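Q: I have a structure I would like to understand better, so I am pasting it below and will then ask my questions one at a time.
The values are calculated or read from the model by the stated rules, or taken from the named source; none is laboratory data. None of these values were measured; they are calculated from a predicted model. Glycine gets a Cβ as well: all are built from the backbone with ideal geometry, and neighbour counts include every protein chain shown. Surface accessibility is based on the protein's heavy atoms, side chains included, excluding ligands, DNA and RNA. Shrake-Rupley method; radii C 1.70, N 1.55, O 1.52, S 1.80 Å.
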Amino acid sequence: MTGATVPTITLHDQTTIPQLGFGVFQVPPADTARAVSEALEAGYRHIDTAQMYGNEAGVGEALAAAGLPREEVYVTSKLSNASHRPDDARRSFEETLERLRLDRIDLFLIHWPLPTRYDGDFVSTWQTLAELAKEGRATSVGVSNFQPDHLDRIVQETGVVPVVNQVEVHPYFRNETVRAANAGYEIATEAWSPIARGAVLDDPTVVRVADEVGATPSQVTLRWHLQRGDIVFPKSVRAERMRENLGALEVELSDQQMAALDGLDRGEDGRCGPHPDTFDRIPD
Ligand code: NDP
């Protein structure tokens, strides 16, 4: 376990979330309990999963095996694109709690807005999540992949502001428009694919800064996010990389080093993932 304590971010509902966590996208379901157990062993106390990852049960198995006090672990999941209708959202939320073996989740998100599906109605979906928070089954609720106009619409039509918006952010895609919209509503930004799935790790600027501070490219990139104030949860199936990524807590970047990484932004060309305005995949 790293010597440094993971900082927390206070969300606008006054709950706190560990700023550095562990993501399990593309961790095979059969390997998830092992990976999450190793992450907890390494010192992670924030796990980010989703219904569509198909591995919530593995997360639940690892949490049960670890036997940590419930308040010491922060767990997030996200609503499947197949379950946006209010009745489906409620039913699938209950299934998520069962798979995670929890009676409440810390954070539940709408995974994608899907503006071209469900007659463009993500507002009733958001209203349903707001009800789950009111009932206390989800301590906090938020969204993922929401563009500024999507945020405006749910806030205007429901009056409920998400605590987080989880969107793609890394040095090749700084996504400043969405980060600014989030900040305007006091919504915390969660940066997904924080190391661009590995793509930034052999960038000459990242490698140079890593050499300067005596850290690895992944640690430097994660540190860049932390100093910007975003929440991150890098994924790795390898225990040594899980520990390496936690080492980002012990690095410090100067203003010039931060600016050097800022300068890598490629705008829209830098995205690794789909655009939220057009992404419409609904799983079987
Ligand atoms: P990341 O940017 O975290 O990169 C993960 C990749 O980098 C894996 O291939 C991993 O390989 C490799 N890697 C991890 N650490 C290191 C290291 N220290 N050195 C070298 N390579 C490394 O990508 P993700 O897309 O997984 O994003 C992180 C999390 O964000 C997800 O797990 C998920 O929780 C969330 N997410 C959310 C999305 C959304 O729509 N809301 C979309 C995408 C992600 P290996 O496992 O072999 O070590």
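Q: Which one is most open to solvent (accessible area, probe 1.4 Å) among residues in the range 240-270 that are more than 14 Å from Gly21 (Cα to Cα) and hydrophobic (A, V, I, L, M, F, W, C)? It would help to see each step written out before you state the result.
A: Applying the first criterion (more than 14 Å from Gly21 (Cα to Cα)) to the range 240-270 yields 240, 250-270.
Checking which are hydrophobic (A, V, I, L, M, F, W, C) leaves us with 251, 253, 258-261, 264.
Numbers: Val251: 14, Leu253: 9, Met258: 26, Ala259: 57, Ala260: 26, Leu261: 0, Leu264: 25 Å².
Out of the qualifying residues, it is Ala259.
Q: Would you call Asp202 touching a residue at least 12 places away in the same chain (Cβ under 8 Å), of a type in the set (D, E, K, R) and more than 21 Å from Thr8 (Cα to Cα)?
A: yes
Q: When both residues are 6+ apart or on different chains and their Cβ atoms are under 9 Å apart, which pairs have a first residue that lies in the range 127-156 and is open to solvent by 30 Å² or more (accessible area, probe 1.4 Å), and a second that is assigned to a helix (DSSP H, G or I) and of a type in the set (D, E, K, R)?
A: From residues that are open to solvent by 30 Å² or more (accessible area, probe 1.4 Å), the pairs are Gln127/Glu157; Glu131/Arg90; Arg137/Glu94.
Q: Shifting gears a bit: For residues in the range 17-47 being open to solvent by 70 Å² or more (accessible area, probe 1.4 Å) and out of contact with any Phe, Trp or Tyr (no Cβ under 7 Å at 6 or more places or on another chain), which is nearest to Val141 (Cα to Cα)?
A: Across the range 17-47, the extreme among qualifying residues is Gln26.
Q: Still on this structure: Hey, among Thr221, Thr189, Thr205, Thr216, which residue is β-branched (Val, Ile, Thr), away from the ligand (no atom under 15 Å from the Cβ) and open to solvent by less than 50 Å² (accessible area, probe 1.4 Å)?
A: Numbers: Thr221 fails: away from the ligand (no atom under 15 Å from the Cβ); Thr189 fails: away from the ligand (no atom under 15 Å from the Cβ); Thr216 fails: away from the ligand (no atom under 15 Å from the Cβ).
Testing whether each residue is β-branched (Val, Ile, Thr), away from the ligand (no atom under 15 Å from the Cβ) and open to solvent by less than 50 Å² (accessible area, probe 1.4 Å) leaves just Thr205.
Q: A further question on this structure: Of the residues that make up the range 238-259, is at least one touching an Asp or Glu at 6+ places or on another chain (Cβ under 8 Å), closer than 30 Å to Ser83 by Cα and within 14 Å of the ligand (Cβ to nearest atom)?
A: Kept after step one, since they are touching an Asp or Glu at 6+ places or on another chain (Cβ under 8 Å), are these residues of the range 238-259: 239, 242, 257.
Subset that is closer than 30 Å to Ser83 by Cα: none.
Among the residues of the range 238-259, not one is touching an Asp or Glu at 6+ places or on another chain (Cβ under 8 Å), closer than 30 Å to Ser83 by Cα and within 14 Å of the ligand (Cβ to nearest atom), which makes the answer no.
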